[in-house]
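Only one structure is covered here, and it is reproduced in the block below.
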Amino acid sequence: MKQVYSNILLLFLLAGITLSSCTKELDIDNETQLLIDKKEKLDQLDAFYQQAFEAPGATATNFDAFVKQELITATQNFLADNEINNHYTLVLLALQLNTSHEKIAKDYNKPSLYERYKILYETDLHNRTLLGSIPEQLKKGDRLKLFQEKMDAIAAFHEEKITDFEKGATADETIAGKNWTGGGFAYKPDFSAFYSIQFNFTLHKDKSWDYESFFFMPAIPKVGALAGTRDEKELDKADIISPLQYYVYGDRIFFRFHIRNTYNYETEKGKLERTWCYEYKYAVTDGQLQLTEPKILHYMYPVLDDIAYGDPLFTTNYLEDFDGFEDGFTLSVAP
């Protein structure tokens, strides 16, 4: 009888050891399966990243379904894994880059140089922000190269649209070949802000121009905006990067200044690379050039100002706050 009990006990012990061994193997299998699943998800995310540049619209739809059905399930949230989350973020950024451009390119209808430069700067600001949002671990290699190449292609698209418009613009014989001068003052009634307005420029028939003085109408944004009022004082013309060109279309005249980076990090003086664009409604009356209804476009990454005559912001910050801006500017031909 004792021998029987001993055999039974041995069987239980063997069964326990076997069960324990199976359980351990099962745990290892689960861990292995998770690694296999993770690798599969990373491969799928890499595929979605490539597809975002090839067919962004369809990819966005498929990716949304993939996230809801594959990355987040009833039993597993793969986005809790940092590596998977980083690749997921990269796909989202690639989709934003490409779907945004796809929509702009499809609906592109910008009837003025001002609007074309505005969408260029808005796009540059948007895309550079996306680039900066890429997880640090993925800012390298072919993935980053693909993203940057697309950014360059998008910038080239907008620059081509601008060049096409500029080629079609013609000079106005009534204002070309003349030296226009004029000036005045704009000031707040309490004299807390004051601007001396001076224009002295010559417009040439080939759409080039030069100036002795030009009033850089300030960009005065809404209260609390980053960095406050933007203006350009004591500009050295040697710091202007692009050749000076003016363009006329309809009853509008357009000027643009592209200024190099002059900021000194040691002295903390100067300014970063920036552009100013001005569009005016113009008319020649009794031999005088009237510049009215200004539009001001100022871009110094990451600051973009777009302020136009007729906007509530212009009414509040220029016409109500200042004396001197209400009638525009009247210029005469220099003797």
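The values are calculated or read from the model by the stated rules, or taken from the named source; none is laboratory data. Because the structure is a prediction, the values reported are computed rather than measured. Here the Cβ positions follow ideal geometry from the backbone for every residue, glycine too, while neighbour counts run over all protein chains shown. Ligands, DNA and RNA are excluded from the accessible area calculation, which covers all protein heavy atoms including side chains. Shrake-Rupley method; radii C 1.70, N 1.55, O 1.52, S 1.80 Å.
According to the square roots a ≥ b ≥ c of the eigenvalues of the Cα gyration tensor, what is the shape class of segment 144-231, taking rounded for a/c under 1.5, prolate for a/b larger than b/c otherwise, and oblate for the remainder?
Cα axes put segment 144-231 in the oblate bin.
Which value in Å does the Kirkwood hydrodynamic radius of the chain take, with 1/r averaged over all unlike C-alpha pairs and then inverted?
Numbers: mean 1/r = 0.0400 Å⁻¹.
Mean inverse Cα-Cα distance, inverted, gives 25.0 Å.
Sketch the reach of a paramagnetic label on E160 as a point 7 Å from Cα along Cα-to-Cβ, and name the residues of segment 235-277 whose backbone nitrogen lies under 12 Å away.
none
Provide the net charge surrounding G228, with neighbours chosen by a C-beta distance below 13 Å and charges set as Lys +1, Arg +1, Asp -1, Glu -1. Walk me through the intermediate numbers first.
Working: positive: K222, R230; negative: D231, D305.
In short, 0.
Along Cα→Cβ, 7 Å out, is where each label goes; now give me the distance between the ones at L235 and T61 in nm to one decimal.
With each label placed 7 Å out from Cα toward Cβ, I get 4.8 nm.
Leaving out ligands, DNA and RNA, and with a 1.4 Å probe, what % of the accessible surface on the chain is carbon or sulfur?
Values: 10020 of 19050 Å².
The nonpolar share, carbon plus sulfur, comes to 53 percent.
Using Cα atoms only, what is the angle between the long axis of helix 82-106 and the major principal axis of the chain, expressed in degrees (0 to 90) to the nearest 10?
For 82-106 against the chain, the angle is about 40 degrees.
Between E115 and S192, what length in nm is gained on full extension when 0.36 nm per residue of separation is reduced by their alpha carbon distance?
Numbers: separation 77, 0.36 × 77 = 27.72 nm, distance 3.28 nm.
The E115-S192 span can extend by a further 24.4 nm.
How much area per residue is accessible in the chain when the probe is 1.4 Å and only protein heavy atoms are counted (Å²)?
Accessible surface, normalised per residue, equals 57 Å².
Could you check which residue among N261, N82, N127 shows the biggest mean-square fluctuation in a GNM of the chain with a 10 Å Cα cutoff?
Sorting by GNM fluctuation, first place goes to N82.
For K150, go through the aspartates and glutamates and keep the ones whose alpha-carbon is under 13 Å away, minus same-chain ones fewer than eight residues off.
E54, E102, D124, D142
Going down the list K178/K222; K103/K207; K167/K281; K178/K295; K106/K139; K39/K145, which pairs span over 27 Å between their C-alpha atoms? Mind dumping the intermediate values first?
Details: K178/K222 37 Å; K103/K207 33 Å; K167/K281 20 Å; K178/K295 23 Å; K106/K139 30 Å; K39/K145 23 Å.
In this structure, K178/K222; K103/K207; K106/K139 exceed 27 Å between Cα atoms.
Quick one: angle between helix 141-168 and the longest Cα principal axis of the chain, in degrees between 0 and 90, rounded to 10, please.
The angle comes out near 20 degrees.
So what is the calculated 222 nm ellipticity per residue for the chain, using -39500 (n - 2.57) for each DSSP H run with n of 4 or more, over all residues, to the nearest 500 deg cm²/dmol?
Values: 5 runs with 137 residues, N = 335.
Mean residue ellipticity, 222 nm, calculated: -14500 deg cm²/dmol.
Name the most mobile residue of A155, A193, A55, meaning the one with the largest mean-square fluctuation, in a Gaussian network model of the chain with Cα contacts below 10 Å.
Maximum among the listed residues: A193.
Just to confirm the number: angle between the C-alpha axis of helix 113-132 and the first principal axis of the chain, 0 to 90 degrees, nearest 10?
Long axis of 113-132 versus the principal axis of the chain: about 30 degrees.
Please report, in whole Å³, the volume per residue of the convex hull around the C-alpha atoms of segment 166-314. Mind dumping the intermediate values first?
Details: hull volume 21.3 nm³, N = 149.
Cα-based convex hull of segment 166-314, divided per residue, equals 143 Å³.
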